[in-house]
1. Listed residues 396, 285, 329; which is at pLDDT below 85, surrounded by 14 or more Cβ atoms within 10 Å (Cβ to Cβ) and either over 30 Å from residue 253 (Cα atoms) or in contact with a helix residue (DSSP H, G or I) (Cβ under 6 Å, 6 or more places away or on another chain) (or both)?
2. Just checking, which of 229, 302 is touching a helix residue (DSSP H, G or I) at 6+ places or on another chain (Cβ under 7 Å), free of Cβ contacts under 8 Å to residues at least 12 places away in the same chain and at negative phi?
3. Looking at (1) touching a helix residue (DSSP H, G or I) at 6+ places or on another chain (Cβ under 9 Å); (2) over 27 Å from residue 310 (Cβ atoms); (3) surrounded by fewer than 20 Cβ atoms within 10 Å (Cβ to Cβ), which is the one condition that is false for residue 269?
4. For segment 153-171, which residues satisfy the criterion of being touching a helix residue (DSSP H, G or I) at 6+ places or on another chain (Cβ under 7 Å), under 13 Å from residue 197 (Cβ atoms) and not in a loop (DSSP other than H, G, I, E, B)?
5. Let me confirm something: among 166, 157, 117, 121, which residue is exposed (fewer than 15 other Cβ atoms within 10 Å of the Cβ), closer than 30 Å to residue 72 by Cβ and either over 17 Å from the mean Cα position of the chain (by Cα) or modelled with pLDDT of 95 or more (or both)?
6. Just to be sure, is residue 347 assigned to a helix (DSSP H, G or I), surrounded by 18 or more Cβ atoms within 10 Å (Cβ to Cβ) and modelled with pLDDT of 95 or more?
7. If a residue has to be in a loop (DSSP other than H, G, I, E, B), over 17 Å from residue 31 (Cα atoms) and either touching a helix residue (DSSP H, G or I) at 6+ places or on another chain (Cβ under 8 Å) or without any contact (Cβ under 8 Å) to a residue 24 or more places away in the chain (or both) to count, how many in segment 92-133 make the cut?
8. Which count do you get for residues in segment 172-187 that are in a loop (DSSP other than H, G, I, E, B) and in contact with a helix residue (DSSP H, G or I) (Cβ under 8 Å, 6 or more places away or on another chain)?
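The values are calculated or read from the model by the stated rules, or taken from the named source; none is laboratory data. These numbers come from a predicted model, not from an experiment. Don't worry about glycine lacking a Cβ; one is built from the backbone with ideal geometry, like all the others, and counts go over all protein chains shown.
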């Protein structure tokens, strides 16, 4: 009973502090700031208790279906977070004085809390970090560097962190505010931290926020499109079809902001990959790749560079039209074929003739191989009947080569 009474008194006191901060009409003194930060530190900074599922190897889609784990102390923690959010946002908090207490050490401990299992806590942290970044200009480089370090540990060491989506959401706003031309430091952050975030298995948990950040970079500096697209190709999933669909969606957003010069730098490896997606037996992958032609800007880029692109993807289009098991994929493929045949009938005819030639050659080679194996079998049967070893004549070997 005593413990419950103490908790209630503490709760009432915290609520009074929230009201005080909200209604203050004079600058907070340095001693008030010091005590406020001390109280917040004492209540929020704690070791995060590892939950039992942390040791399980779970796919991101399994995690999405699980109930989020909640902190039982949340009713108390929420009031502390609310107090601190209002304290940081208050016009009565002088950043020049407060930075002595909301210092690098404090910011680092705050960032550590982003690994909390409780989504409500991460939501508050996201808002507070954004406010701190906006108010304390002196801390901006440090905050970016600290987030960078969290990403590095996540990508290259642990592949476990609960707050990547929230950190990326904060970064989305930060990147949006970057001045032009972009600093070299910011471009390095894109290449070293953001693009490699496509690697972890749990990408679906934060892909939407990551895609937004990366698209922001390309919209701010179109010359980065080539770097970003080649980075995507580097981390392109091989056996995970659902991830592949995500990559194709992100690719569309990036291509939307890509200019012709940058497009030409990466179009050959890009359309080699798209050709493989078009040929995918997983209908959602093939379908998503074909939907790229529904985007006017992308379709225009492809049309301008059709002499390079069509020969790369033509075999995939023909095979789809002839053999793909999914009717929707077949129908979309025929639409794309028609776009090319209407735009440049001569080029289309060239590619069709080349495809037919290659098909005939493959059939010829296949027939030769089958004939060669048939001869080997006949020789084997004949020699076995005579009790002789099977010797494969040189002429047979050369025919199969």
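1. Criteria check complete, one pass: 396.
2. So the residue among 229, 302 that is touching a helix residue (DSSP H, G or I) at 6+ places or on another chain (Cβ under 7 Å), free of Cβ contacts under 8 Å to residues at least 12 places away in the same chain and at negative phi is 302.
3. (2)
4. The answer is 154, 155, 164, 165, 167, 168, 171.
5. 157
6. It is false that residue 347 is assigned to a helix (DSSP H, G or I), surrounded by 18 or more Cβ atoms within 10 Å (Cβ to Cβ) and modelled with pLDDT of 95 or more.
7. 2
8. Adding up the residues that qualify gives 3.
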